[in-house]
1. Quick one: in the stretch B:128-156, which of the residues that are surrounded by fewer than 19 Cβ atoms within 10 Å (Cβ to Cβ) and either in contact with a Pro (Cβ under 7 Å, 6 or more places away or on another chain) or within 7 Å of chain A (Cβ to nearest Cβ) (or both) is nearest to A:Val279 (Cα to Cα)?
2. Give me a count of the residues in the stretch A:170-207 that are without any contact (Cβ under 8 Å) to a residue 12 or more places away in the chain and open to solvent by less than 20 Å² (accessible area, probe 1.4 Å).
3. Filter the stretch A:139-161 down to the residues that are surrounded by fewer than 17 Cβ atoms within 10 Å (Cβ to Cβ) and in a loop (DSSP other than H, G, I, E, B) and list them by number.
4. How about the stretch A:236-252: which of its residues are open to solvent by 10 Å² or more (accessible area, probe 1.4 Å), of a type in the set (Ser, Thr, Tyr), assigned to a helix (DSSP H, G or I) and within 19 Å of A:Val80 (Cβ to Cβ)?
5. With a cut-off of at least 3 residues that are under 28 Å from the mean Cα position of the chain (by Cα), name the helices (runs of 4 or more DSSP H) lying wholly within the stretch A:162-235.
6. Let me confirm something: among B:Leu186, B:Leu170, B:Leu159, which residue is surrounded by fewer than 19 Cβ atoms within 10 Å (Cβ to Cβ), assigned by TED's automatic domain parsing to the domain that holds B:Ile104 and assigned to a helix (DSSP H, G or I)?
7. I'm checking my understanding of the structure. Among residues of the stretch A:99-141 that are aromatic (Phe, Trp, Tyr) and out of contact with any Gly (no Cβ under 8 Å at 6 or more places or on another chain), which one is farthest from the other protein chains (Cβ to nearest Cβ)?
8. Please work out which one of (1) over 22 Å from the mean Cα position of the chain (by Cα); (2) modelled with pLDDT under 85 is the condition A:Leu297 fails and give its number.
Amino acid sequence: MKRDPSMAPRPSRATPFDWMPVWLIAPAGIIMAGLLFYPIVRGITLSFFNTRLLRYSEGQFIGLANYVALGSDPAFWNSVSVTFTYGLATMLCTYGLGLGFALLLNREIPGRGFIRTLFIMPWAIPEVVAVMIFVWMLDAQYGVINYALVEAGIISAPAAWLTSAGLAMPALVLVTSWQQFPFAMLILLAGLQTIPDEQYEAAMMDGAGVFRRFIHVTLPGLRAVNVILILILILNSFRRVTMIYAMTGGGPARATETLSILTYNVAFQYQRIGYAAAVGAVLLVILLCFSLAYFFLIARRSEAP
Amino acid sequence: MRSFVNSARTMGAVSAAGSARLAFLRSAAAFAFTLLCAGLVIFPYYWMFVSSLGSSSLFEWPPRIIPSSISFKAYEKIFTERAVLTWLTNTAVVASATSIFCTIVAINAGYALSRFRGKMTGAFGIFILFSQMLPATLIVVPLYVIFRQLGLYNTLIGLAIADAAFILPLATWLMKGFFDRIPIDLEEQAQIDGCSRMGAFYRVTLPLAIPGLVVVTAFSFITGWDEFFLARTLIATQSNWVLSVGLTSFESQYSVAWDEMMAASVVFALPAAAFFLVIQRYLVSGLTSGAVKG
C-alpha cells in the first residue's frame, strides 16, 4: 500500500475503524454538545411552553401561542428595529473607522509598528471597562465628551446621553465602534496588502487622483474581504450582549433593547422564560439566515481560483 | 514605493526642489494626522488613568485634561473599603481554571481536526463554526435553569466550565491552525522508530506546538478574565462575584464613585490588555485566515 505523505494515516477498507480521532474529539464534543447545543435545543423546546422562571415545573405546552403573541407585542417589534438599527450603525461606524485607519497605517511612516499597537489598544480592553470609561466620559455633569462637544459648538449644553431615548443609541454605537474597529482595521490592512502596487501605478499613469484611485483600485481590491467582514460585523452586533447590558440594560424606554437583550430581560426581569425563549428562537433564525449567506460566500470564494 | 512614484511623476511637471518639499510636507501632514487619530483613539485609556489618580480634581467643570495633583487614594480605597481583592482572586481562579481546562481539551480536538480528514472531523468542524453563530442569550436562559438543577449555579467552578464551553470552539480552531503548520513527516518518522501514534503526538508534535499552546492558553485566560455576561447570570452572592461584575456595582442609583471605578478598571484591565497586545499578532493570523486569502 502506498502512503500519501501529505495525508495522515486514515482507515482504509482493510483496517478496522480508527478510534483515535474519536477519543481526541470526544471531550470537546461532549462539552460543546452539553453546554452550547443542548441548551439551544432546550431553549427551542421552552419556546412552546408558558414556563415561568420561579415555577419552572408548572410550565404547560401551549403550542405556538408564544410566537403568535410576539406578532402583536410592540416590545418585540421595537427590538427587531433596534437590532437592525444597531447592527447597521455599528457596522458602518466600525467599518468606516477600520478602513480609515487601515489606509493611514498602510503607508511607510516612522514608528509604524508602535502606532499600529496604539490603534489596536481599544480591542484589548475588557468590554465592561470600555463601557465604564465611556459612561464616565459621557457623564451629564462632568463628562469630558460633553465638554469637548460644547467647546466645539456642536451642542449648546451638556447632554444626558444615557438617559435620553434619542441619545442612548448613538452613545452605544460610539463605544461599540471604538472597541471593535481594530478588528476591522487589521482585516482590512491585510486585505490592502494583497492589492499589488502596479495597479496603483497604472491608475496614476492614467492620471487618476487619490479619490479615483480609492474608488477604482482600493475598493475593488477589497471586495472579497469586505463582504465577509461586513457580515461578521453585523452578526457580531446581533449577538452582542455584554456591552449593551452593561451600558444601558436595554433602556431608556427600550431605546437600546436589541433582541438579545429583550430575550434576557423577559427571562430574568419578567420571569417569562418560555416567552423569552421564543424571542431568542426568532433571533436564532435571523442569525442562521445571515450565517448561511456567510457560508455560501466563503464556499464560493474557495472555489474561485 | 507609491510615494516615490508619486513624487517622481510630479518632479517632471514642477521644479525638482519644490516638489520634493511638497511631497515632504504632504507626508509630514499625513503623519501628524495619523498621530492625532492615534491620540484620540487612546484617549479613553488616558482618561481612565487620569481619573483614577485625581480624586480631588475629578468633579470639576471644565474637566482638567492634565491633573493638578496626583493621589493614589482611590486605589487604597478599593482594596480596603470594597471587596476588590476578593473579586480579583475569584477572577484569577476562574480565568486560570478556564484556560487550563480549555487548553487541554482544545489541544486534542485541534490535533484531530488538523491531522484526521474524515466524516467525523468534518462534522466537528462544522459544529464549531455553527457554534459561533448561536445567540448567547438563548443559550444562557436554559443554562441558568440547568445549572440550578445540577448545583453548579453560584459556584466558581460552574462559571469556569461555562466560560470554557464558550471559548472552546475558538480555542480549538486556533490550535488546529498551529498544528497545521507543523509538518507531519516528523510524526511519521517517530512512528517508524517505534512510537505509538499517541506517543508521536504527545512527544514529537506537541513540544513543537508550544508557542501555539501558549497563545491558546493566554487567549482563553484573557477571555475568561474579561467575561461578564455569564458571570452576571450564573453567580449570585457578592463574595463569589468576579471583578467584571463587581465593577458595575460602583454605579449606584444616585452617584458613582468614579475615581474608585476607574482605579478598579485599571487594576482589572491592565493585565488582560497587556497580555492581549502580546499575543494579538498570532490571534489575528489565526482568526482571519479564513477571511483574508490572497
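1. That would be B:Met133.
2. The qualifying residues number 1.
3. A:Ala140, A:Gln141, A:Ala152, A:Gly153, A:Ile154, A:Ile155, A:Ser156, A:Ala157, A:Ala160
4. A:Tyr245
5. A:165-192
6. Values: B:Leu170 fails: surrounded by fewer than 19 Cβ atoms within 10 Å (Cβ to Cβ); B:Leu159 fails: surrounded by fewer than 19 Cβ atoms within 10 Å (Cβ to Cβ).
Being surrounded by fewer than 19 Cβ atoms within 10 Å (Cβ to Cβ), assigned by TED's automatic domain parsing to the domain that holds B:Ile104 and assigned to a helix (DSSP H, G or I) holds for just one of B:Leu186, B:Leu170, B:Leu159, which is B:Leu186.
7. A:Phe114
8. (1) is the only condition that A:Leu297 fails.
The values are calculated or read from the model by the stated rules, or taken from the named source; none is laboratory data. Please read all numbers here as calculations on a predicted model, not as lab measurements. Please note: Cβ atoms are built from the backbone with ideal geometry, for glycine as well, and neighbour counts cover all protein chains shown. Side chains included, ligands, DNA and RNA excluded: accessible areas come from the protein's heavy atoms. Shrake-Rupley method; radii C 1.70, N 1.55, O 1.52, S 1.80 Å.
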